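What follows is a single structure, written as structure tokens, with notes after it.
The values are calculated or read from the model by the stated rules, or taken from the named source; none is laboratory data. Just so we're clear, the structure is a prediction, and the values are computed from it rather than from any experiment. FYI the Cβ positions are ideal-geometry reconstructions off the backbone, even for glycines, and counts take in every protein chain you see. When the accessible area is computed, the model is the full protein with side chains, heavy atoms only, and any ligands, DNA or RNA have been set aside. Shrake-Rupley method; radii C 1.70, N 1.55, O 1.52, S 1.80 Å.
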Amino acid sequence: MTAFEPNSIRSYSQEDVQQILQLAIARQADDKDTEFSYEHLLEIATELEISPESLKLAERDWIVQQGQVQKRKAFDVFRIRKFKKRLGNYTIVNGFLMLLDLLTSGGLVWSLYILLFSGLPVGFDAWNTFQTKGEEYEIAFQKWNRNHQIKQTINTVLNKWFKALQA
């Protein structure tokens, strides 16, 4: 008797159950834009013998995780925008120097050395920008997040202060 015969006794680990249920839900939802109400989610949880309290805690944890995902996406966009600005500056300055070298000496003599040496930090910057794993990324994210929170706090305080002055 194989594991897929109806009369066989099957058992699954908790991880296996989660994976099977995720696949089943994905197959049942033909449209990825299908949304479930909280009542429907509660009904599914009840059928799976998950208490409403556990569901609320899981939902709260999920909301926190989604917030972290959004913050990391914003951080990645910030890093890419910063890199593009630096790359643009590098291109403009080195383009000007190469044009100057071309006009003064009739060829590219000294500007290629500057291009190579100034390109090294840009290369390292590219590596750091697109490296999204590891301790350095985590440290940079935490620093950005702190600065972002400080800016939000200052903006909130200033907005309240200006509203109080206008009233």
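Mean-square fluctuation check for the chain, GNM, Cα pairs under 10 Å: which of GLN66, GLN14, GLN142 is largest?
GLN14
Before anything else, pin down the relative contact order of the chain: Cα pairs under 8 Å, at least 6 apart, normalised by residue count, whole percent.
15 percent.
Evaluate the charge dipole of the chain about its Cα centre and quote only its size in Debye, nearest 20, assuming +1 on the Cβ of each Lys and Arg and -1 on the Cβ of each Asp and Glu.
Result for the chain is approximately 1480 debye, rounded to the nearest 20.
Find the all-direction average of the projected area of the Cα convex hull for the range 14-160, expressing the result in square nanometres with one decimal place.
16.6
With n ≥ 4 as the cut-off for DSSP H runs, can you work out [θ] at 222 nm for the chain, using -39500 (n - 2.57) per run divided by the number of residues, rounded to the nearest 500?
Value at 222 nm, helices only, nearest 500: -28000 deg cm²/dmol.
With +1 assigned to the C-beta of every Lys and Arg and -1 to the C-beta of every Asp and Glu, and no other charges, what is the dipole magnitude of the range 72-167 about the Cα centre in debye, to the nearest 20?
Once rounded to the nearest 20, the dipole reads 700 debye.
Of the candidates PHE36, PHE141, PHE96, which one comes out as most mobile in a Gaussian network treatment of the chain with C-alpha springs shorter than 10 Å?
Looking only at PHE36, PHE141, PHE96, the biggest GNM fluctuation is shown by PHE36.
TRP144: accessible area at probe 1.4 Å, nearest 10 Å²?
Counting only protein heavy atoms, TRP144 exposes about 40 Å² to solvent.
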